[in-house]
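Asks: Sending over a structure as structure tokens; questions will come in a sec.
The values are calculated or read from the model by the stated rules, or taken from the named source; none is laboratory data. Just so we're clear, the structure is a prediction, and the values are computed from it rather than from any experiment. Don't worry about glycine lacking a Cβ; one is built from the backbone with ideal geometry, like all the others, and counts go over all protein chains shown. These area figures cover heavy atoms from the full protein model, side chains too; ligands, DNA and RNA do not enter into them. Shrake-Rupley method; radii C 1.70, N 1.55, O 1.52, S 1.80 Å.
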Amino acid sequence: MKAYRKIMFVMLLALVAGFALSVFAGSASAALSYQGSISTDNQGVTEEASYTLTLANTGTDRLLSANITVPSGFTDIKNLVVVTPSSWTVHDTLIDDTLYLNLQSTEGLASGTQVTVKFDATNPREARDYTWIVNATGTDGTHDSTFDVEVISPIRITTMVPALTILGIAVGFALLYSVLNRVLITYFVGWDQHHVMRREIAEFQRAQMAAARANDQKQMEKLKRKQTQINSMQAKMMKPQLLQLGASFIQFGFWFLVLTPTFGGTSLAFLPGFGAIPVFWLYPAISMFLSITLSRIIGTMPIDI
């Protein structure tokens, strides 16, 4: 009799465990799951583009609504419309400087179906990947569930016109100041004399360093007698350099007061390992490179010294 009771108890326990497992399995199979994708006709920075966002219900739970967080940088969202199905509606909401797209439907979205939304927007200034975070709510008739997914939207530099514009401006200023530098040197010093003085100063400095390393007191005394002449040369060569420095503030003002506000943080170039480069960093780099190159070509910064 005791054995019979034990067998009945084990069978009852097995039935309860089986029932519990079936409940958990049923709840798990009714989970909300979906996939998102986004496509556009224009990935260019600061460009106007048309977007198509699709949410596909891949779970067994019915999708009732979705809240889509628009990444920071996208502006001028307009022409917002649900393409399919017609039972869904969409509107935009701004909360704490964050824009949301709200999708809703009383009928919901059954498993294996999808909802498609189209809208127009102005792309961000910076070239990189942007993440659209989608939070959805669904129900299987007994409980609510939420699910998040990240949809990536790459923004790229698709035109070289802004970068070429910056390059053209930098070339213009570099030519202007190289020519101005040569004119000032010719007027205040003399072109040929300028080269002779630069060479003498460079040789004096090399001889001074060599004497200091060798602790050659005689050579140091000899060089000291020539120091006055070298100082006079340096003072004469300093005047056109000071005038050139004053004129260079025009370029600085144009870069800081015109180019930077105009282009802002717009990505104009992409450097591997560093990422997108805005005009604030791109223009000084290009300008410095061109100024040094043209100065060597024209001869205001000779290579043979």
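Asks: When residue 122 is evaluated against the numbered criteria (1) in contact with a Pro (Cβ under 8 Å, 6 or more places away or on another chain); (2) under 25 Å from residue 159 (Cα atoms); (3) among the hydroxyl-bearing types (Ser, Thr, Tyr), which criterion, by number, is the only one it fails?
Replies: (1)
Asks: For the stretch 117-132, name all the residues that are charged (D, E, K, R), under 20 Å from residue 265 (Cβ atoms) and outside any loop (DSSP other than H, G, I, E, B).
Replies: Across the stretch 117-132, the qualifying residue is only 129.
Asks: Give the residue that is modelled with the lowest pLDDT, with candidates limited to residues of the stretch 125-139 that are touching a Pro at 6+ places or on another chain (Cβ under 7 Å) and surrounded by 15 or more Cβ atoms within 10 Å (Cβ to Cβ).
Replies: 132
Asks: Something else: Considering only the stretch 74-115, state which residues are within 27 Å of the chain's Cα centre (by Cα) and crowded, with 19+ Cβ neighbours inside 10 Å.
Replies: Within the stretch 74-115, 74, 101 meet the criteria.
Asks: Can you tell me which of 183, 179 is assigned to a helix (DSSP H, G or I), in contact (Cβ under 8 Å) with a residue 40 or more places away in the chain and either in contact with a Pro (Cβ under 9 Å, 6 or more places away or on another chain) or among the hydrophobic types (A, V, I, L, M, F, W, C) (or both)?
Replies: Sole residue among the options that is assigned to a helix (DSSP H, G or I), in contact (Cβ under 8 Å) with a residue 40 or more places away in the chain and either in contact with a Pro (Cβ under 9 Å, 6 or more places away or on another chain) or among the hydrophobic types (A, V, I, L, M, F, W, C) (or both): 179.
Asks: With respect to residue 204, determine if the residue is in contact (Cβ under 8 Å) with a residue 24 or more places away in the chain and open to solvent by 30 Å² or more (accessible area, probe 1.4 Å).
Replies: Here the answer is no, as residue 204 does not meet what is asked.
Asks: Still on this model: Out of curiosity, is residue 286 hydrophobic (A, V, I, L, M, F, W, C), under 17 Å from residue 199 (Cβ atoms) and either in contact with a Ser or Thr (Cβ under 7 Å, 6 or more places away or on another chain) or touching a residue at least 12 places away in the same chain (Cβ under 8 Å) (or both)?
Replies: no
Asks: Would you check which residues across the stretch 240-261 are open to solvent by 90 Å² or more (accessible area, probe 1.4 Å) and under 25 Å from residue 165 (Cα atoms) and list them?
Replies: 245, 249, 250, 252, 256, 257
Asks: What residue, of 165, 122, is closer than 29 Å to residue 47 by Cα, modelled with pLDDT of 85 or more, within 18 Å of the chain's Cα centre (by Cα) and open to solvent by less than 70 Å² (accessible area, probe 1.4 Å)?
Replies: Of the residues listed, the single one that is closer than 29 Å to residue 47 by Cα, modelled with pLDDT of 85 or more, within 18 Å of the chain's Cα centre (by Cα) and open to solvent by less than 70 Å² (accessible area, probe 1.4 Å) is 122.
Asks: What number goes with the only condition from (1) free of Cβ contacts under 8 Å to residues at least 60 places away in the same chain; (2) more than 13 Å from residue 139 (Cα to Cα); (3) hydrophobic (A, V, I, L, M, F, W, C) that residue 110 does not pass?
Replies: So the condition that residue 110 fails would be (2).
Asks: List every residue pair whose Cβ atoms lie under 6 Å apart, where the two residues are 6 or more positions apart in sequence or sit on different chains, the first residue falls within the stretch 240-256 and is on the phi > 0 side of the Ramachandran plot and free of Cβ contacts under 8 Å to residues at least 40 places away in the same chain, and the second residue, located anywhere, is open to solvent by less than 40 Å² (accessible area, probe 1.4 Å) and basic (Lys, Arg).
Replies: So the pair list comes out empty.
Asks: Restrict the check to the stretch 210-233 and report whether at least one residue is in contact (Cβ under 8 Å) with a residue 24 or more places away in the chain, open to solvent by 70 Å² or more (accessible area, probe 1.4 Å) and on the phi < 0 side of the Ramachandran plot.
Replies: Looking through the stretch 210-233, none of the residues is in contact (Cβ under 8 Å) with a residue 24 or more places away in the chain, open to solvent by 70 Å² or more (accessible area, probe 1.4 Å) and on the phi < 0 side of the Ramachandran plot.
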